[in-house]
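These notes concern the structure reproduced below.
The values are calculated or read from the model by the stated rules, or taken from the named source; none is laboratory data. Here the structure is a predicted model, which means the values were calculated and not measured. Glycine also receives a Cβ, built like all others from the backbone with ideal geometry; neighbour counts cover every protein chain displayed.
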Amino acid sequence: MYLEFDQMPAHARVWVYQADRKFNEEELHWVEERLVSFCNQWNTHGSMMLTSFRVKFGQVVILAVDESRLGASGCSIDSSVRVLREIEEKFGVNLLDQGKVSFLENEDSLVVNSVFGIKEKVAKGELRPDAVTLNPLVKLKGDLENNWLLPAKDSWLNKYFQN
């Protein structure tokens, strides 16, 4: 059962997926409608779960499930991945590849790179220690407040700034 994202509890489990580009307005509208439809029927072993999503920066999809009554099963997680693949195929974006590093260029502009190009970005000064990076490994909605957007020097990227 779909709830507005703000109504989801802080202990809700989240999954963060970064698209390699921003969705345009028409695509974003379709994605949001598709995700509402999916969340309204997202279930585990036939039992409805409290679910939600949010799209940040026009390209980061965050799925949320309140697991306090029912945990998301492997099958239910697989069904969410199928919806994300559908979005990937429809719009030619890459959401499911986890080998990406994202950082804010400014308040509204997200830069998404392959993890393999980060060393070069640092060497060129395109990624600085104070750059705000996304931590896609957050597990709870409450972590989005304190542990999702971090200066690069406070993340695993810190190793690239050490001399």
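Details
- Positions within the range 146-163 being touching a residue at least 12 places away in the same chain (Cβ under 8 Å) and of a type outside the set (F, W, Y), in sequence order: N147, L149, L150, P151, A152, K153, S155, L157, N158
- Screening the range 119-134 for residues that are assigned to a helix (DSSP H, G or I) and free of Cβ contacts under 8 Å to residues at least 12 places away in the same chain and picking the one that is nearest to the chain's Cα centre (by Cα) gives K121.
- Index of the failed condition, F57 passing every other in (1) surrounded by fewer than 12 Cβ atoms within 10 Å (Cβ to Cβ); (2) closer than 18 Å to D143 by Cα: (1)
- Meets criteria (outside any helix (DSSP H, G or I), exposed (fewer than 15 other Cβ atoms within 10 Å of the Cβ) and within 14 Å of the chain's Cα centre (by Cα)) for L137: yes
To keep it simple, each residue is scored yes or no on (1) outside any loop (DSSP other than H, G, I, E, B); (2) modelled with pLDDT under 95; (3) under 15 Å from the mean Cα position of the chain (by Cα).
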| site | (1), (2), (3) |
| --- | --- |
| G71 | no, yes, no |
| D78 | yes, yes, no |
| R82 | yes, yes, no |
| E88 | yes, no, yes |
| V101 | yes, yes, yes |
| E105 | yes, yes, no |
| V111 | yes, yes, yes |
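- Contact map, the range 97-118: residues that are over 20 Å from K153 (Cβ atoms) paired with residues that are of a type outside the set (S, T, Y) and assigned to a helix (DSSP H, G or I), Cβ distance under 6 Å, separation 6+ or inter-chain. Pairs shown: G99/V115.
- G125, sole failed condition from (1) on the phi > 0 side of the Ramachandran plot; (2) surrounded by 13 or more Cβ atoms within 10 Å (Cβ to Cβ); (3) not aliphatic (A, V, I, L, M); (4) not assigned by TED's automatic domain parsing to the domain that holds E26: (2)
- Of the numbered criteria (1) surrounded by fewer than 18 Cβ atoms within 10 Å (Cβ to Cβ); (2) within 17 Å of the chain's Cα centre (by Cα), the one N158 fails is (2).
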